[in-house]
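Quick notes on the structure that follows.
The values are calculated or read from the model by the stated rules, or taken from the named source; none is laboratory data. A quick note: this is a predicted structure, and the numbers were derived from the prediction, not measured. Ideal geometry is used to build each Cβ from the backbone, glycine not excepted, and the neighbour counts take in all protein chains shown.
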């Protein structure tokens, strides 16, 4: 039995909840841009204007598709690792975009902004790789998984 | 380890703290943390040309100054729902057109108000400069000394050793090709007037700003004859100027070249130690601290 065979409890509505949270975060990002725009004396930044796309497309849409196409994936323990990594990537890119917007509107820049991009995409790449691995393994192990013990019974 | 991070929200909580830390650090680095790079020892070391250092019997009024080397007159104009301060300046030598850093130090986030820097330099007339210390790119040459050769993505104003203005595209002209004949290079922009023609339109704005704003700009009419315009803005009394309106003001005064400097809350004009305009960032009145000034004096 591999680690991929371990099921996780309490994951039934995880994806739907995640989609909802990302949808709310997209609205928050739009709201922040709007409020910030009120104090920008007409100066706008594309990075801040469009930062809501990270949680909307990279978050809500991505998990919506994941649920539709690979709905059983969340039951496996490594999903948590990929999930954490992917979400961290989206968060890093969103915050980096917000930061870039603040600096652009103020008329300055920072050499550290590129770190947000690199770290963000690195986390996303790791997350996607874990999801892809789970997807492949799930196909291979689809029959034995039905009989596998649940996560808590193995760990505890 | 895996078990630890498998618990809901643990990873999220730790990563959120790290992300907030990074976010805060970048903001502090950009806006607060000072980095001194070069301390300008004394003004005399940077002045390349020998000029008379003591004016004899200057005639000074509330809005004018005249001695044998420097003549300045300031008029206040109401136009475009704005208050505009126009200074007409003539000097006998380009060395009287000077620049100075806050705390006499080149670096990032080293700031002082325009009036404080002007007082330190005994400036007769001063305006805020290009706020070079808020950015990592853009040519910086001051009083004949090159401090930064990293090209920005915009236009720079080159004031050569004869005091003549030209506007260059930094991405197309290296500082090395300029520095031997560059007395001052300021990097903000854009250029407003070139060869007597307005080179901005209603869509040309700083940082995509489409609103009227407080502005500071400098232009040249002829050899050693300059015009400086500062406008109030962001108040009910004075809306501020668009770049097009600003450029038209320079053109109407016969400028062959004019260039936009840092504006908004930075826009300040100081004459004989007093602030001429009404600086504001739109939220509170008063001078904003800046990195540098352009001034006329000894």
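The residues of region B:73-109 that are under 17 Å from the mean Cα position of the chain (by Cα) and assigned to a loop (DSSP other than H, G, I, E, B) amount to a single one, B:109.
May I ask you to verify whether residue B:126 is touching a helix residue (DSSP H, G or I) at 6+ places or on another chain (Cβ under 9 Å), surrounded by fewer than 22 Cβ atoms within 10 Å (Cβ to Cβ) and touching a residue at least 24 places away in the same chain (Cβ under 8 Å)? Here the answer is no, as residue B:126 does not meet what is asked. Using the structure shown, decide if residue B:203 is within 14 Å of chain A (Cβ to nearest Cβ), free of Cβ contacts under 8 Å to residues at least 24 places away in the same chain and on the phi < 0 side of the Ramachandran plot. The answer is yes for residue B:203. So, residue A:47, is that one within 11 Å of chain B (Cβ to nearest Cβ), under 28 Å from residue B:33 (Cα atoms) and in a helix (DSSP H, G or I) or not? Spelling it out, it is not the case that residue A:47 is within 11 Å of chain B (Cβ to nearest Cβ), under 28 Å from residue B:33 (Cα atoms) and in a helix (DSSP H, G or I). Considering region B:272-298, and only residues there that are part of a strand (DSSP E or B) and surrounded by fewer than 24 Cβ atoms within 10 Å (Cβ to Cβ), the residue that is modelled with the lowest pLDDT turns out to be B:285.
All conditions but one from (1) at pLDDT 90 or above; (2) surrounded by 11 or more Cβ atoms within 10 Å (Cβ to Cβ); (3) part of a strand (DSSP E or B) apply to residue B:38; the one that does not is (1).
Taken as a whole, the condition of being more than 14 Å from chain A (Cβ to nearest Cβ), closer than 14 Å to residue B:85 by Cβ and crowded, with 24+ Cβ neighbours inside 10 Å applies to residue B:250. Considering A:81, A:76, A:123, the condition of being more than 30 Å from residue B:290 (Cβ to Cβ) and either touching a strand residue (DSSP E or B) at 6+ places or on another chain (Cβ under 6 Å) or without any contact (Cβ under 8 Å) to a residue 40 or more places away in the chain (or both) is satisfied by A:123 alone.
Pairs meeting the criteria (first residue in region A:48-71 and on the phi > 0 side of the Ramachandran plot, second residue modelled with pLDDT under 90 and in a helix (DSSP H, G or I), beta carbons under 6 Å, at least 6 apart or on different chains) are lacking. Of all the numbered requirements in (1) away from every other protein chain (no Cβ under 14 Å); (2) without any contact (Cβ under 8 Å) to a residue 60 or more places away in the chain, residue A:29 misses one, and that requirement is (2). Which residues, counting only those in region A:34-44, are more than 13 Å from chain B (Cβ to nearest Cβ) and either buried (at least 21 other Cβ atoms within 10 Å of the Cβ) or without any contact (Cβ under 8 Å) to a residue 40 or more places away in the chain (or both)? Residues satisfying the conditions are A:34, A:35.
In the set (1) more than 12 Å from every other protein chain (Cβ to nearest Cβ); (2) within 19 Å of residue B:26 (Cβ to Cβ); (3) in a helix (DSSP H, G or I), residue A:102 fails one condition alone, (1).
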